[in-house]
Amino acid sequence: MMGIAHDNKKPYKRTTECHECGERFHKGESKQILKVYDSPWADEPRTIAVHDQNDDDRHGSCLDKLSDTSWGDFRYFLCDCCNRLIIQQNPDNGWRSYVKMTDAGEQICVRCWQENILENGHDAEEFKNDHVPGDFYNHQDLSSHDWVLVQGMSHVYITGTESAKRFADRALELIDEGNLVLVNYDALGIGGGEGYVSMYIKPAVMARKDAAK
């Protein structure tokens, strides 16, 4: 799904009608006021209201449906890191997920996930089994966190197991040499089967100094 790009970080307050079903609230009707984020990079929330006692079809109230992925797309989830209620996909591009799963089984937003990788890089385990981890980063963030592009590893075309193995093996070599490694997705096909990626590094010593500041 692609649509007209909107400013999904702009805060607003809309509590006279239900965010889920669109119906205006009647006087005395039960509702819940929520703070939600339609972009994990939004600094201020949007204030919405939803029915919380209208389970007439026995499929859940509007409050239930707000986070029920079996009901539809663009549901909201609670980030286990920042504790914000965030939409699961980019409202303008449904293929861009805002959810990342940790090894501990926690759901965290892509902003929290990226902040960790920008500081600490990928774990070596993430490159095992010829896997190429990564995400779409802002180049200004890469620069401000001292990440440097690896020579010969810019816009590498990943198209199958063989190319993924070469890329992952190079990442593991750099980690073994004492570097932190980050992978930026330049362009990735739907489903992640193939695309162009770039590899960045910074010395682990520099990362420890930055963390100590």
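All of the numbers you see were taken from the coordinates with simple rules; none came from a lab. Quick caveat: nothing in here was measured; it's all calculated off a predicted structure. For neighbour counting, all protein chains shown are included, and Cβ atoms are generated from backbone atoms with ideal geometry for every residue, glycine included.
Antiparallel as a % of all DSSP beta bridges within the range 13-101, to the nearest 5? The partial results should precede the final answer.
Working: 12 of 16 bridges.
Counting only bridges with both partners in the range 13-101, antiparallel ones make up about 75 percent.
Name the shape class, rounded, prolate or oblate, that the alpha-carbon gyration tensor gives for the range 124-173, where a ≥ b ≥ c are the square roots of its eigenvalues, rounded holds for a/c under 1.5, and otherwise prolate holds if a/b is larger than b/c and oblate otherwise.
Numbers: a/c = 1.99, a/b = 1.78, b/c = 1.12.
It is prolate, given that a/c is not under 1.5 and a/b is the larger ratio.
Per residue of the range 133-146, in order, report the coupling 6.51 cos²θ - 1.76 cosθ + 1.60 (Karplus, θ = phi - 60°) as ³J(HN,Hα) in whole Hz, putting x for Gly and Pro.
Computed from phi, the couplings for the range 133-146 are x, x, 6, 8, 9, 7, 5, 5, 5, 4, 5, 5, 9, 6 Hz.
What are the ³J(HN,Hα) values, in whole Hz, obtained from phi via the Karplus relation 6.51 cos²θ - 1.76 cosθ + 1.60 with θ = phi - 60°, for each residue of the range 88-102 in sequence order, with x given for Gly and Pro?
6, 9, 4, x, 9, 8, x, 7, 8, 7, 9, 10, 10, 9, 8
Enter the Cα centre distance for the pair the range 143-188 and the range 1-74, rounded to the nearest angstrom.
The range 143-188 and the range 1-74 have Cα centres spaced 39 Å from each other.
Hey, which aspartates and glutamates would be in cross-link range of Lys65, C-alpha to C-alpha under 13 Å, not counting anything within fewer than 8 residues on its own chain?
Glu20, Asp52, Asp55, Asp56, Asp57, Asp73
Most mobile of Arg24, Arg46, Arg111 per a Gaussian network model of the chain (Cα springs, under 10 Å)?
Looking only at Arg24, Arg46, Arg111, the biggest GNM fluctuation is shown by Arg24.
I'd like to know how the range 13-101 sits against the 2.2 N^0.38 Å rule of thumb: what's its Cα Rg over that expected value? List each step's numbers first, then the result.
Values: Rg = 13.3 Å, N = 89, 2.2 N^0.38 = 12.1 Å.
Normalised Cα radius of gyration, the range 13-101: 1.10.
Using a simple charge model, +1 on the beta-carbon of Lys and Arg, -1 on the beta-carbon of Asp and Glu, nothing else, what dipole does the chain show about its Cα centre, in debye to the nearest 20? Before the final figure, lay out each step's value.
Numbers: 24 positive and 36 negative charges, 135 e Å.
Dipole of the chain, to the nearest 20 debye: 640 debye.
Take the Cα atoms of the chain, find their three principal axes, and give me the spread along each one in whole Å, biggest first.
Principal axes ranked by extent give 66, 41, 34 Å for the Cα atoms.
Amide H to amide H, which residues 5 or more places from Val150 or on other chains are under 5 Å from it, using H placed in the peptide plane?
Placed amide hydrogens put Met199, Tyr200, Ile201 under 5 Å from Val150.
Given the options Asn120, Asn179, Asn54, which has the most mean-square fluctuation in a GNM of the chain, springs set between C-alpha atoms less than 10 angstrom apart?
Among Asn120, Asn179, Asn54, the largest GNM mean-square fluctuation belongs to Asn54.
Could you give me the ³J(HN,Hα) list for the range 169-177, computed from phi with Karplus coefficients 6.51, -1.76, 1.60 and θ = phi - 60°, whole Hz, x at Gly and Pro?
5, 5, 4, 5, 4, 5, 5, 4, 7
Which pairs, out of Lys13/Lys100; Lys10/Lys100; Lys10/Lys35, put more than 21 Å between their alpha-carbon atoms?
Numbers: Lys13/Lys100 28 Å; Lys10/Lys100 23 Å; Lys10/Lys35 13 Å.
Table pairs above 21 Å Cα-Cα are Lys13/Lys100; Lys10/Lys100.
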